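Have a look at the structure below before the remarks.
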Amino acid sequence: MISASSRRLAKPLIWSLITLAAGVAGLSSERLSLAAIDVPFLLLALITINLGTRLAVKIPHVKGQVNLSAAFVFLALLLFDGAAAILLAVLAALCATLHFSRNALQLLFNSALAAISTCLLVGALRLCFGQLVVLPHAPTFVFLLVICLTAALQAFFHSSVLALGARDDDGQRPLWRMLSRTYGWTFLTYFTFASAAGMLAKLIGIVGFYPAIAATAVVAMAHYAYCSYLKDARTSVAQVRQFEQRVATLQESEELFRSAFDYAAIGMALVSTKGRWLQVNRSLCDILGYTEEELLATTFQKVTHPDDLGAALANIKQLLKGRMPTYQMEKRYLHKQGHMVWVLWSVSRVRDRNTDAVHLIFQVQDITDRKRAEERLMHDAFHDALTGLPNRALFIDHLKLSIARTQRTPNQMFAVLFLDLDRFKIINDSLGHMIGDQLLVGIARRLETCLRPGDTVARVGGDEFTILLEDLLDETEAVTVAERVEKELSVPFMLSGREVFTTVSIGIAPSSIGYENPEDILRDADTAMYRAKSLGKARHEVFDKAMHAVAMNLLHLETDLRRALDRQEFFIQYQPLVALDDFRLQGFEALVRWQHPERGLISPMDFIPVAEDTGQILAIGQWALHEACRQMRRWQKRYPSDPALSISVNLSGRQFTQPNLIEQVRDILADTKLDPRSLKLEITESVVMENIDTATEMLRQLRALGVQLSIDDFGTGYSSLSYLHRFPIDTLKIDRSFVMQMVDNNENIEIVRTIVMLAQNLGMDVVAEGVETKEQLALLRKLGCENGQGYFFSRPVSVGGAEKIISDTYTHALPAENQAEVKAIRPALVA
Ligand code: C2E
Ligand code: MG
Ligand code: MG
């Protein structure tokens, strides 16, 4: 039966074939007499339809097969003549096609092909051998020829149709090649069928129709059974092959898994529920530093960091109970070398299909580098980069914990020590920042040695350190630590081959005061530290309620100061400066006073430091300078003299470093019309020494204005005599502490003598401050000190008081050298 697709042939050709076949079929049915349609014919038709159309031989290389019906058609040809064969062929083709298609065109086309091919065969056989029904009785040679011709023609016809279809399928192949490929096989099949039909026809001739057909049916059944057996066998073989293939695939994937396991970049392991390593890969061995054998001989518990073991086991327990399918945590293992390895540990549960045992699968990723980076970032956020000590944030954190602990258990006590290096700025500026840094690191290391485990030392500012002392019995313990720190730091530091000395002022705030937040205790420790500084540095002070009161007082002072200038609460007192040889009045020092509405007169010693801290000193200083210059100008106009009276005005550190100081002084001089030479600006020694370079430049510019410059309180600050000659200074004012104790302290006399000599050598004037007694005066005169200022001559007095002094001593602008005419401040002494 031909099943080649009729779709592939041109439609007109198909319809022509169908029409032709219809004609052939019509002619055949007309020729077939009704008498010929007997029981044997009907039986043959039935067998053809039911058996012949179902059994087929497949033709290799193409989509096609030859139905067994071809054999029955040939049998019909031999038994019932050509017309019967043609009609049976059409019927067989129709039924065979129905087995696989309901397409009408296909049905018609295949039937048409069967009709035409059978018609051609009939024609050819008739042409060669005449009557067909007599053929079974023909001699064997002729009969064989009939069979061969039948097979050859049918095979040619069938192969041509198949070749046409197949050529359409794969396009380019030549027709004859396709024909030659299928023809042999098709011929063989048709030859077999034709032979079988021939033999059957002969058998019918001998035994009669029915027995022969019965025998044929038996053979057909046997053949069918055999085919079924073969089909089953083929199915079994296919199933076995499929199974084998599946096993091979499994083996392959297991091998793949094995190599993925062995060579995985992350550590992997199969672990028993008890923790024994059952299988480990290379990466895991590398991560932990053990060989495979070593690991398999141990448990995961043995190599887990003890601090993480509890959590790991708890999670495994949850996992085994089925509470979670998988678990992941960051944990630490212990490397064989003893160091710690941070890993991202994923664990999941598996069931062994063979033994049904439950195991654990570990995936272990080394994250030590990431952890280190995180720890570094964390450390940097909470530590001081220079000394490596905890920073303010971490200290406050610790402090919070201590406060919370003390609140829970009130008999527990702690204390905070606030340390500030004395004169660190000077060391930094004079010896350089590198030495300064080394000193801070050195101090940090020494502070650490003074502490007990559990205590915290932090660097909270440039030269500020804090210490948290925990679990104290009483505050004397804190004092003991402070003393230990002082002692430890009193040993000089060897920095870059230099011996550097330093001292520290310490404020202690004990928790017994009752703190609720860290800032308060730090503030109070800081206050105590300031107290220690003001009491002479290099010492410690314990914060107490009185200090708190002072601090509160300061706070109020600060608030009041803000309004004082607007409310005109400041005024100036003037203290005369006198030439010690003839007591001639040389000028005044302007000293600011604050008349507080409630507290009365407040000393500059009390409010100037506060004003310095808050920056208000700039406005107060500017006002004082303007006021003093204005006043002196008025006096000069009223009491002209030669040399003219001078006015000394103090400049604080903050004022001295303000960038627009030069402009300010220039403007005030211009505004008040005071001759710059009549203005003396007093700056303390430490202000100059703290910023040597900028100070020199500032002094130079002030000097360029024509203003005179004095170093105030000389001898008390950090003196670097070697620098002194570099500064454009006119006057040194010897601090009153030397002058006042001169009489009964030889050492002070020597200091005064040295300063006087130094000033003379540098071409500077000297003024002795704090001259209170006749004896002091006499000594100063003896030492060659030129000028003095002090209660002996006059206390600071009001404008009126100062004016009275001027008028009392006024000598109508007499030249200075006219000694006889000089009116002294204390004429009695001149005599
Ligand atoms: P100073 O510039 O050294 O002023 C001299 C201080 O010594 C004054 O104190 C004065 O009253 C005091 N004094 C003078 N003679 C004697 C004496 O014989 N015995 C004793 N015991 N003391 C004497 P005062 O007025 O309290 O001023 C203290 C400091 O306040 C001044 O020291 C100065 O540094 C600062 N100050 C005063 N007025 C101003 C100002 O307008 N601006 C700035 N920045 N500071 C000022
Ligand atoms: Mg002064
Ligand atoms: Mg002074």
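Bear in mind these aren't lab numbers, they're just calculated from the coordinates by the rules spelled out. None of the values given here were measured: they were computed from a predicted structure. Cβ atoms come from the backbone with ideal geometry, glycine included; neighbour counts cover every protein chain shown.
Things to note:
- Dipole size of the range 375-471 about its Cα centre, with +1 on Lys/Arg Cβ and -1 on Asp/Glu Cβ: approximately 220 debye, rounded to the nearest 20.
- Cα centroid of the range 52-88 to Cα centroid of the range 275-308, whole Å: 77
- When only Cα pairs below 8 angstrom with a gap of at least 6 residues are kept, the range 395-507 shows a relative contact order of 37 percent.
- The residues packed around residue 388, meaning those with a beta-carbon under 11 Å from its beta-carbon, carry a net charge of -1 if Lys and Arg are +1 and Asp and Glu are -1.
- Peptides 732-742, 439-449 ranked from most to least packed give 732-742, 439-449, packing being the mean of other C-beta atoms within 10 angstrom over each peptide's residues.
- The range 581-659 and the range 729-767 have Cα centres lying 23 Å from one another.
- Dipole size of the chain about its Cα centre, with +1 on Lys/Arg Cβ and -1 on Asp/Glu Cβ: approximately 6340 debye, rounded to the nearest 20.
- For the range 565-658, the percent of C-alpha pairs falling in each 10 Å distance bin, counted from 0 to the bin holding the largest distance, reads 15, 43, 29, 13, 1.
- Per the Debye calculation on the range 208-344 with a single equal scatterer at every Cα and no solvent contribution, log₁₀ I(q)/I(0) for q = 0.13 Å⁻¹ amounts to -0.73.
- Label zone at residue 516, where the point sits 7 Å out along the Cα-to-Cβ direction: the range 470-496 residues whose backbone N lies under 16 Å: none
- Two-decimal Rg/Rh across the chain, once Rg and the Kirkwood Rh are taken from alpha-carbon atoms: 1.55
- Long pairs among 545/733; 400/545; 673/782; 673/733; 274/371; 533/733, criterion Cα-Cα beyond 31 Å: 545/733; 673/782
- The distance between label points at residue 412 and residue 723 comes to 4.8 nm (points 7 Å beyond Cα on the Cα→Cβ vector).
- Under 28 Å from the Cα of residue 202 - lysines, other chains or at least 8 residues apart: 58
- Remark: the range 610-627, residue by residue, has Karplus-estimated 3J(HN,Hα) of 5, 4, 4, 4, 8, x, 5, 4, 5, 5, 5, x, 5, 4, 4, 4, 5, 4 Hz, where x stands for each Gly or Pro and the curve is 6.51 cos²θ - 1.76 cosθ + 1.60 at θ = phi - 60°.
- When all alpha carbon pairs of the range 361-416 are counted in 5 Å bins from zero, the resulting P(r) reads 4, 16, 15, 14, 13, 12, 10, 8, 6, 3, 0 %.
- Relative contact order of the chain, defined on C-alpha pairs under 8 angstrom at six or more residues apart (%): 6
- Global geometry of the range 428-567, whether rounded, prolate or oblate, following the gyration tensor of its Cα atoms and the 1.5 cut on a/c: oblate
- Note on the range 236-288: along the principal axes its Cα atoms extend 52, 25, 9 Å, ordered by decreasing extent.
- Ranking 478, 45, 456 by how far each Cα lies toward the positive end of the dipole of the chain (charges on Cβ) leaves 45 at the top.
- Convex hull of Cα atoms in the range 613-725, direction-averaged projection (nm²): 7.4
- Candidate aspartates and glutamates - alpha carbon under 12 Å from residue 336, same-chain residues fewer than 8 apart omitted: 286, 294
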